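As structure tokens, the structure follows; a few thoughts come after it.
The values are calculated or read from the model by the stated rules, or taken from the named source; none is laboratory data. On a predicted model such as this, the values are computed, not experimentally measured, just so you know. A quick note on method: Cβ atoms are made from the backbone with ideal geometry, for glycine too, and the neighbour counts reach across all protein chains shown. Surface accessibility is based on the protein's heavy atoms, side chains included, excluding ligands, DNA and RNA. Shrake-Rupley method; radii C 1.70, N 1.55, O 1.52, S 1.80 Å.
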Amino acid sequence: MLDDTSFAIHPGNKKDANTEVYRDIGNLKFFKQTNAGFLFGCSNGFVVIQFFTESIVRVVMNQHDEPMLNGSYAVIEEPAQVKADAAEDNKQVTLITAKLRIAIQKSPFRITVADSNGTVLLDENEHGMAYRENGEVIAFKKKHSGDHFYGFGEKSGHLDKSGERFEMWNTDVYAPHNPETDPLYQSIPYFMTLRNGKAYGVFLDNTFRTMFNMKSSEEYFSFSAEGGQLDYYVMTGPGPKDVIQQYTHLTGKMPIPPKWALGYHQSRYSYESEGEVRGLAKNFIKRDIPVDVIHLDIHYMNGYRVFTFDKEKFPDPEKLIRDLGEMGIRVVPIVDPGIKKDAEYPIYREGVTDNLFCKYLEGDIYFGNVWPGTSAFPDFTDGKVRGWWGKKHKYYSDMGIEGIWNDMNEPAVFNETKTMDTAVMHRNDGVPAAHRELHNIYGFKMAEATYAGMKEHLDGKRPFLLTRAGFAGIQRYASVWTGDNRSFWEHLQMTLPMVMNLGISGVPFAGPDVGGFAHDTNAELLVRWMQVGAFTPFFRNHSAIGTVYQEPWKFGLKNESIMKKYIQMRYKWMPQLYKLFHEASVSGIPVMRPLFLEYPDDAKTYNLNDQFMIGDNVIIAPILVPSITDRAVYLPEGNWLNFETGETYAGGQVHLIHAELDELPIFIKAGTAIVQGEWNSNTEKTPKQITMDIYAGTNDETYRFTHYDDDGESFEYVDGSYLQVQIEVKSTLDAVHISIREQEGSYRPAYDKINVNVHGLHKQQRVILENHEDSMLSLELKSRG
Ligand code: GLC
């Protein structure tokens with residue numbers, strides 16, 4: 001109550017950290033090889049070490065019994081057969097595989113994970129694995145000089161999380177989102193450590209409240225959970241991209257989203273009537289501003305009852321959706337988990353009669369207050385409930401809706417704790433567990449149910465799902481927006497590291513509320529945010545009730561034309577973005593990347609918060625402060641060309657770059673290429689022409705990339721209906737060779753050639769195009785300069 005006064009720093013409030021006494025796992029008593037791995041019996045508990053793949057090792061501590069190895073919500077992969085040898089002497093046991101060496105010191109039990117050369121990745125010092133009587137489990141690990149930490153899902157603050165401390169407990173946080181505001185909506189108990197260019201990752205597979213403390217000591221860091229087993233995976237890289245691949249091997253990849261979901265989304269809390277929505281859509285068409293989606297926030301419903309429309313304000317939703325569809329615009333409605341307590345509301349009645357709501361052990365339904373007032377909450381941890389929830393979405397899909405926005409699914413409740421009573425007992429597919437244990441997966445399970453239901457109803461079409469809450473693996477079902485930020489420049493700045501860290505945490509399809517949710521935006525902030533949004537994987541302008549309207553035309557013609565330029569740019573870049581989304585769906589490597597992912601040996605990139613990469617060859621360096629038109633841009637090794645001016649800049653240094661309000665600094669690496677389409681109109685979004693821009697290099701650089709395309713809306717790509725063309729660009733002193741190497745897949749797009757523009761050619765350089773006789777796409781030189 002007095003937390004926001006000086007009482008918060010009253011001397012009597014000091015917590016003594018030393019009172020936390022952990023019981024160490026103790027000394028090794030015995031070890032044996034089992035089917036699943038190696039079991040270690042220690043004086044104070046048991047540990048299993050399991051080689052999950054050649055590069056991923058899992059460690060599970062259970063203080064009471066032999067560890068259980070099943071029951072993960074996040075991990076969808078089975079352990080592989082990995083050949084491992086064990087050697088033992090007086091002091092230690094060593095487990096050796098082709099790629100790893102795990103040394104286990106016997107007294108006390110301490111684990112060192114090293115690569116096959118013996119280079120230590122993750123080790124322990126005087127503290128190791130331990131627990132407390134209250135059920136808390138913890139692992140202390142040695143901090144090495146030069147350790148940089150990334151990931152942790154959705155966190156505010158800087159890119160590099162060294163010296164930070166995080167909690168994972170899905171929380172509805174309205175607006176503050178300060179650097180220290182923690183936890184937020186998502187819980188992804190995972191991080192990556194980068195040390196001298198090499199990386200490893202740790203995933204703590206535990207749904208209880210978890211803590212990551214990279215702050216309290218110079219000697220060690222720790223990760224802990226309030227209960228459950230200490231169950232963690234070490235992903236041994238060696239590169240940061242390898243770690244992401246390994247993490248998404250465990251927790252799954254994002255399926256390729258429908259193309260329309262990668263376009264521009266317009267939202268507001270709320271567009272309150274059919275008339276308003278139609279007017280909005282017409283504005284986009286009239287002004288030739290691209291838009292793919294209009295979101296309907298809570299006002300579309302009848303008294304905030306999900307699976308209803310307010311028939312006074314939205315008399316004919318089917319027709320609205322059909323008419324907008326003809327304009328090339330889709331409608332995505334918000335769906336919250338809280339079901340209004342109303343004896344005449346069929347969804348509530350079904351929930352009660354069919355026993356679908358979260359209940360206490362004693363049998364009472366849990367009620368909490370959210371938008372509709374007193375509400376019950378479906379128990380998504382139960383398969384029966386997930387099935388029911390999925391089926392209910394036929395209401396939306398029958399209207400022509402293909403995308404759903406899940407909000408308030410932490411779950412948010414308007415009370416002191418901000419959420420459900422932790423004593424609620426979830427059904428949990430036959431293994432009942434308290435909300436204290438399952439809180440962090442409530443939103444994840446809701447997303448699973450929604451995605452599965454929509455997928456079934458859409459009959460072969462790809463659903464789009466947006467969620468606020470989630471857990472590790474959420475990328476399998478949903479994209480994520482970063483919740484209720486504010487219309488502050490600081491929040492625009494924060495967007496970059498936040499979305500980059502989400503990408504590192506396996507969630508490639510993420511973005512902020514462009515323009516800021518709370519508070520009033522202004523023209524300059526909105527323009528600069530749109531420039532960033534044009535390149536964030538998820539691109540939605542959204543703002544809160546009571547704030548100024550922030551549609552692209554609300555700030556005069558000059559600003560409108562700049563925003564239009566960047567929203568159109570998003571669509572011109574769509575082929576490039578789509579290929580990166582495809583890549584993310586295969587490898588897990590995010591679309592929007594911190595520079596260190598491509599340049600892990602370059603320490604200057606380790607905490608670069610105000611620049612990002614799109615793929616492996618494009619750097620975006622937006623202006624993130626008001627009234628400023630110059631900024632420092634760091635370009636890593638190689639030469640870089642300014643996308644707008646064609647000017648070449650030497651890498652390995654900082655440049656001062658000028659960017660008026662209508663300019664966004666974009667740099668393309670020399671020797672590489674990007675593929676672009678064109679902007680036609682809202683009703684004709686599929687490009688008929690594809691252009692490849694090649695930025696000539698000089699030093700025998702070879703750049704290989706894949707152009708990917710498919711129908712953008714069905715799952716037929718799974719059965720081979722896609723087009724994948726390998727293109728190679730080789731720059732030598734006297735020529736730039738561009739060749740089509742290989743083609744795969746049966747999809748035939750609307751274009752049959754790629755127009756080639758070559759930029760930055762040196763005087764002596766010729767352009768040589770080499771087509772592949774069997775390829776369905778041919779290269780055609782359009783310009784050189
Ligand atoms: C929450 C969401 C926000 C939404 C609002 C009303 O605050 O985070 O995006 O507009 O609820 O539904």
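Of note:
Condition check ((1) modelled with pLDDT of 95 or more; (2) of a type in the set (Gly, Ala, Ser)) across all residues:
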site	(1), (2)
159	yes, no
218	no, no
225	yes, yes
232	yes, no
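- Here 277, 306, 332, 291 are screened, and the one residue that is touching a residue at least 24 places away in the same chain (Cβ under 8 Å) and away from the ligand (no atom under 16 Å from the Cβ) is 291.
- Residue 285 away from the ligand (no atom under 16 Å from the Cβ) and in a loop (DSSP other than H, G, I, E, B): no
- Single residue of region 399-429 satisfying the filter (among the small types (Gly, Ala, Ser) and within 28 Å of residue 298 (Cβ to Cβ)) that is surrounded by the fewest Cβ atoms within 10 Å (Cβ to Cβ): 400
- Residues located in region 43-56, provided they are touching a residue at least 60 places away in the same chain (Cβ under 8 Å) and under 19 Å from residue 87 (Cβ atoms): 47, 49
- Top-ranked residue of region 254-274 - restricted to ones that are outside any helix (DSSP H, G or I) and open to solvent by 30 Å² or more (accessible area, probe 1.4 Å), ranked as farthest from the ligand (Cβ to nearest atom): 255
- Answer residue from region 335-345, given it is more than 16 Å from the ligand (Cβ to nearest atom) and either in contact with a strand residue (DSSP E or B) (Cβ under 8 Å, 6 or more places away or on another chain) or charged (D, E, K, R) (or both) and is most open to solvent (accessible area, probe 1.4 Å) among those: 344
- Residue match in region 430-438 (condition: more than 16 Å from residue 368 (Cα to Cα), open to solvent by less than 20 Å² (accessible area, probe 1.4 Å), in contact (Cβ under 8 Å) with a residue 40 or more places away in the chain and within 16 Å of the ligand (Cβ to nearest atom)): no
- Conditions (1) within 27 Å of residue 455 (Cβ to Cβ); (2) without any contact (Cβ under 8 Å) to a residue 40 or more places away in the chain; (3) of a type outside the set (Val, Ile, Thr); number of the one not met by residue 325: (2)
- Test: residue 356 is free of Cβ contacts under 8 Å to residues at least 60 places away in the same chain, over 20 Å from residue 405 (Cα atoms) and surrounded by 21 or more Cβ atoms within 10 Å (Cβ to Cβ): yes
- Some residue of region 523-530 being within 14 Å of the ligand (Cβ to nearest atom) and farther than 25 Å from residue 329 by Cα: no
- From 731, 714, 739, 721, residue being over 27 Å from the mean Cα position of the chain (by Cα), surrounded by fewer than 19 Cβ atoms within 10 Å (Cβ to Cβ), of a type in the set (Ser, Thr, Tyr) and not assigned by TED's automatic domain parsing to the domain that holds residue 535: 739
- For beta carbons closer than 7 Å, sequence separation of 6+ or different chains, a first residue in region 169-183 that is assigned by TED's automatic domain parsing to the domain that holds residue 414 and in contact (Cβ under 8 Å) with a residue 60 or more places away in the chain and a second that is of a type in the set (S, T, N, Q) and buried (at least 17 other Cβ atoms within 10 Å of the Cβ), there are no qualifying pairs.
- Residue within region 117-128 that is farther than 30 Å from residue 239 by Cβ and in the same structural domain as residue 233 (by TED's automatic domain parsing) present: yes
- Subset of region 455-500 that is within 16 Å of the ligand (Cβ to nearest atom) and hydroxyl-bearing (Ser, Thr, Tyr) - its residue that is nearest to residue 713 (Cα to Cα): 479
- Residues of region 359-382 satisfying the condition of being away from the ligand (no atom under 16 Å from the Cβ) and open to solvent by 30 Å² or more (accessible area, probe 1.4 Å): 359, 360, 361, 362, 363, 364, 365, 367, 374
- Residue list for region 669-697, filter: of a type in the set (Ser, Thr, Tyr) and either out of contact with any Leu (no Cβ under 6 Å at 6 or more places or on another chain) or within 17 Å of residue 566 (Cα to Cα) (or both): 672, 681, 683, 686, 691
- Cβ-Cβ under 6 Å pairs, at least 6 apart or on other chains, region 759-785 side over 26 Å from residue 667 (Cβ atoms), far side assigned to a loop (DSSP other than H, G, I, E, B): 778/771
- Flag if residue 348 is in contact with a strand residue (DSSP E or B) (Cβ under 6 Å, 6 or more places away or on another chain), away from the ligand (no atom under 16 Å from the Cβ) and not polar (S, T, N, Q): yes
- Positions within region 275-300 being open to solvent by less than 30 Å² (accessible area, probe 1.4 Å) and of a type in the set (Asp, Glu), in sequence order: 292, 297
- Residue check, residue 322 open to solvent by 10 Å² or more (accessible area, probe 1.4 Å) and within 16 Å of the ligand (Cβ to nearest atom): no
- Only strands (runs of 3 or more DSSP E) whose full extent lies in region 59-138 are considered here, and the ones with at least 3 residues that are touching a strand residue (DSSP E or B) at 6+ places or on another chain (Cβ under 6 Å) and surrounded by fewer than 21 Cβ atoms within 10 Å (Cβ to Cβ) are 85-88, 92-96, 100-105.
- Restricting region 187-228 to residues that are charged (D, E, K, R) and closer than 26 Å to residue 605 by Cβ, the residue that is surrounded by the fewest Cβ atoms within 10 Å (Cβ to Cβ) is 218.
- Scanning region 328-347 for residues that are within 30 Å of the chain's Cα centre (by Cα) and among the aliphatic types (A, V, I, L, M) yields 329, 331, 332, 334, 335, 339.
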